[in-house]
Amino acid sequence: MGGTVSTGGAKPTGGAIATGGQTGSGGASGSGGTSGTGGKTGSGGTTTSGTGPCDIFATGNTPCVAAHSTVRALLGAYNGNLYQVTRASDNTTKDIGVLGPGGFANSATQDSFCTGATCTISIIYDQSGNNNHLKQAPAGQRKETPDNLAEATALKFTISGHTVYGVHLPPGYGYRVDQTKGVATGDDPETEYMVTSGTFYNGSCCFDYGNAETNNTDDGKATMEAVYFGNWTSQGKGAGNGPWVMADMENGVYAGPSFAANPADTPQTSAYVTAMVIGRSGTFALKGGNAQTGNLTTFYDGARPAGYNPMKKQGAIILGIGGDNTATAQGNFYEGVLTSGAASDATASAVQANIVAAGYGN
């Protein structure tokens, strides 16, 4: 995604980018209301509830086709590796697993391996079984060099009493996988969410997680569909000053059916934010909320903008960048998934309740 940029966010950085965006007309519409259940969780234990977001999506007939997190297992039975770190001093690698099936990251493994050294997160493993692992994003149309890898110790925090590490992505950092399995293509429906931060963002393009072009190039309207988070105002926008949950569909980041401001898309400024896009044939929905408590709010659920029906999704997966490797945005990433099929409101609500129960920041 391209366009001019503005500044903003709690820690705004990043420069300008060189391309212009499309323009649009018409008013934004949105549907209000909240759904789902929340509630906090206490600390202790090595696992979450025994059920992960991907178990909930599967029960709702929208199974995960990709699941990424450096924080926790996203399936109740997952007992594999979450991510890999690379030590700069000798270029050796170490896989970081979970404390037990369905559990939190075994961060002690990273701490031991990286003591006295600089480590980067070199792979974020796909927990779905489809091997859609995120690695260093290669050169692309807008940034003609590979993106930087996140520093492994830059985003230390606790979840249910466990010390873990998220993925801290300043401008110029990003991950990608172009050849994938199971990810939606064409006009196929999908659901995408990520847990990000409402305190680290900016007004640049584009802090995305989701479906993108397979050639790292802007292939025109409707060739990508990703969750966007930030306060970029050159295209779509929400109420106030942001940051907002929006959908990057290429040549347009949208809060509704046009670039007009959608007053129902309210700023999400909590420390941990759930951001979700549900893509259907002819329509899409935006949902979001505080990942520590409460329900999801529906910011928009309606028709796609002109020129985006049908969609022409290609099925790559990006994190922290635009589909054409525009890399001037910033954000934090804790977990996220892509599914096959559009989740129901009930399924989305249950996923939010699972995220809240995980205990971010506790």
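Quick notes on this one:
- When the stretch 321-354 is filtered for residues that are of a type in the set (A, V, I, L, M, F, W, C) and farther than 21 Å from Y175 by Cβ, the ones remaining, listed by number, are A342, A343, A346, A348, A350, V351, A353.
For (1) touching a Cys at 6+ places or on another chain (Cβ under 8 Å); (2) closer than 18 Å to M194 by Cα; (3) of a type outside the set (V, I, T), each residue gets a yes or a no:
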site	(1), (2), (3)
L99	no, no, yes
I124	no, yes, no
N131	no, no, yes
K143	no, no, yes
E151	yes, no, yes
H162	no, no, yes
P171	no, no, yes
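- Among the residues of the stretch 318-362, those identified as among the polar types (S, T, N, Q), within 15 Å of the chain's Cα centre (by Cα) and over 13 Å from L74 (Cα atoms) are Q330, N332.
- Scan of the stretch 135-147 for residues that are of a type outside the set (A, V, I, L, M, F, W, C), under 21 Å from D95 (Cβ atoms) and in contact with a strand residue (DSSP E or B) (Cβ under 6 Å, 6 or more places away or on another chain), ordered by number: K135
- The stretch 345-358, residues that are in contact with a strand residue (DSSP E or B) (Cβ under 9 Å, 6 or more places away or on another chain), small (G, A, S) and surrounded by fewer than 23 Cβ atoms within 10 Å (Cβ to Cβ): A346, S349
- Qualifying residue in the stretch 181-190 (condition: part of a loop (DSSP other than H, G, I, E, B), modelled with pLDDT of 95 or more and closer than 23 Å to I121 by Cβ): yes
- Every residue from the stretch 78-99 that is surrounded by fewer than 17 Cβ atoms within 10 Å (Cβ to Cβ) and not charged (D, E, K, R): N79, G80, A88, S89, N91, T92, T93
Yes/no per residue for (1) more than 30 Å from N216 (Cα to Cα); (2) surrounded by fewer than 24 Cβ atoms within 10 Å (Cβ to Cβ):
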| site | (1), (2) |
| --- | --- |
| D55 | yes, yes |
| G60 | yes, yes |
| P63 | no, yes |
| V71 | no, no |
| P101 | yes, yes |
| F104 | yes, no |
| F113 | yes, yes |
| T120 | no, yes |
| Y125 | no, yes |
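- Cross-chain or 6+ apart pairs with Cβ under 7 Å, the stretch 234-252 first and more than 18 Å from I318 (Cβ to Cβ), then aliphatic (A, V, I, L, M) and at pLDDT below 95: S234/V5
- Put simply, of D219, D248 the only residue that is of a type in the set (D, E), crowded, with 24+ Cβ neighbours inside 10 Å, in contact with an Asp or Glu (Cβ under 9 Å, 6 or more places away or on another chain) and more than 19 Å from T62 (Cα to Cα) is D248.
- The lone exception for S270 - which of (1) among the hydroxyl-bearing types (S, T, Y); (2) surrounded by fewer than 24 Cβ atoms within 10 Å (Cβ to Cβ); (3) more than 17 Å from the chain's Cα centre (by Cα) it fails: (3)
- Picking from residues in the stretch 128-157 that are part of a loop (DSSP other than H, G, I, E, B) and touching a His at 6+ places or on another chain (Cβ under 7 Å), the one that is nearest to L319 (Cα to Cα) is A150.
- Set T233, T214: member being surrounded by fewer than 24 Cβ atoms within 10 Å (Cβ to Cβ) and either over 20 Å from F259 (Cβ atoms) or aliphatic (A, V, I, L, M) (or both): T214
- Residue in the stretch 282-289 that is surrounded by fewer than 24 Cβ atoms within 10 Å (Cβ to Cβ) and not hydroxyl-bearing (S, T, Y) present: yes
- Test: residue in the stretch 317-326 that is under 23 Å from I56 (Cβ atoms), in contact with a strand residue (DSSP E or B) (Cβ under 6 Å, 6 or more places away or on another chain) and either surrounded by 22 or more Cβ atoms within 10 Å (Cβ to Cβ) or not polar (S, T, N, Q) (or both): yes
The values are calculated or read from the model by the stated rules, or taken from the named source; none is laboratory data. Treat the numbers as computed from the prediction; the structure is a model and nothing was measured. Quick reminder, even Gly has a Cβ in these numbers, built from the backbone with ideal geometry, and neighbours come from all protein chains shown.
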